[in-house]
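Worksheet: one structure, shown below.
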């Protein structure tokens, strides 16, 4: 509901209606933040597990670099590099001269 405020001025002159904001400023900011928060949450839900996506990409594109994987998976290169190093330490994949391949060990065949 819009409110009007009447300002009294010198006698003989008519009052001037002034329109006040329909929604308080803080409320509008909170609503914007809430919408942005739910957009971010939706994006996180659609992203999926990056390690599974990396593993599938490496199966199809053996000997690819982290930059290649980042472009192919539409992800941040730093995120891919960090996850690849985790996967190398776990023995799921191997990394040689900057190229990543699936490990040929029994731990990777699960």
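Summary of computed values
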item	result
Among the residues listed as 40, 104, the single one being outside any helix (DSSP H, G or I) and at pLDDT below 80	104
Unique residue being surrounded by fewer than 10 Cβ atoms within 10 Å (Cβ to Cβ), at negative phi and at pLDDT 80 or above when the list is 96, 68	96
Selection count, the range 54-91, where residues are over 17 Å from the mean Cα position of the chain (by Cα), assigned to a loop (DSSP other than H, G, I, E, B) and free of Cβ contacts under 8 Å to residues at least 40 places away in the same chain	4
Conditions (1) modelled with pLDDT of 80 or more; (2) over 22 Å from residue 91 (Cβ atoms); number of the one not met by residue 73	(2)
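The values are calculated or read from the model by the stated rules, or taken from the named source; none is laboratory data. Because the structure is a prediction, the values reported are computed rather than measured. A quick note on method: Cβ atoms are made from the backbone with ideal geometry, for glycine too, and the neighbour counts reach across all protein chains shown.
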